[in-house]
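Scroll down for the structure; my scribbles are underneath it.
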Amino acid sequence: MAGIRGFTSWVGVVLGGPDPVALARFYSALLGWEVSSSDPTWVTMAMRDPDGRTTSSNLAFQLEERHVRPVWPAGPGDQQMQMHLDIGVRELGPAVEDALALGATLARVQPQDDVRVLLDPDGHPFCLYLDR
């Protein structure tokens, strides 16, 4: 089998947090993508290719009233991350500076020279990596 029957190729990624509108604003500024729909509990933005065309994917943000910030790297008993985003960049330094200026924080552990782990305002880890 080449995948599930009827798969349309549409995939969405959803991040939960206490303020989905604010988290969507952060990622919109970070990635340069526009918000497609928004209400206080659910926000979506279409992912775009380098030429600005929408893809068959989206990034969404949902209200999680009991959101507990993940800890990365997690220790015993810590809230673990459930997923993270990998974001390709041409140069790490300027991209990290931009992310920090938008409200991200640099994770205390940096496991690779060509990757920088950052945390979004709600604590979700994301990686900026050199996309050669």
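Tabulated data for the structure shown
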| read-out | value |
| --- | --- |
| Extreme residue, farthest from the chain's Cα centre (by Cα), among residues of the stretch 115-132 that are among the acidic types (Asp, Glu) and modelled with pLDDT of 95 or more | 122 |
| Strands (runs of 3 or more DSSP E) contained entirely in the stretch 1-48, each with at least 1 residues that are in contact (Cβ under 8 Å) with a residue 40 or more places away in the chain | 11-17 |
| Residue ID - surrounded by the most Cβ atoms within 10 Å (Cβ to Cβ), chosen from residues in the stretch 50-68 that are aliphatic (A, V, I, L, M) and within 16 Å of the chain's Cα centre (by Cα) | 59 |
| Residue 110, sole failed condition from (1) modelled with pLDDT of 95 or more; (2) within 27 Å of residue 9 (Cα to Cα) | (2) |
| Residue that is farthest from residue 125 (Cα to Cα), among those in the stretch 1-35 that are of a type in the set (Ser, Thr, Tyr) and surrounded by fewer than 15 Cβ atoms within 10 Å (Cβ to Cβ) | 8 |
| Residue list for the stretch 69-99, restricted to those being of a type outside the set (D, E, K, R) and loosely packed, with under 13 Cβ neighbours inside 10 Å | 74, 75, 76, 77, 80, 82, 83, 88, 93, 94 |
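Table: residues versus (1) in the same structural domain as residue 123 (by TED's automatic domain parsing); (2) modelled with pLDDT of 95 or more; (3) charged (D, E, K, R); (4) over 13 Å from the mean Cα position of the chain (by Cα).
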| site | (1), (2), (3), (4) |
| --- | --- |
| 7 | no, no, no, yes |
| 32 | no, no, no, no |
| 39 | no, yes, yes, yes |
| 44 | no, yes, no, no |
| 91 | yes, no, yes, yes |
| 99 | yes, yes, no, no |
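The values are calculated or read from the model by the stated rules, or taken from the named source; none is laboratory data. Everything numeric here is computed off the predicted structure, so don't read it as measured data. In this analysis, Cβ positions are derived from the backbone assuming ideal geometry, glycine residues included, and neighbour counts consider all displayed protein chains.
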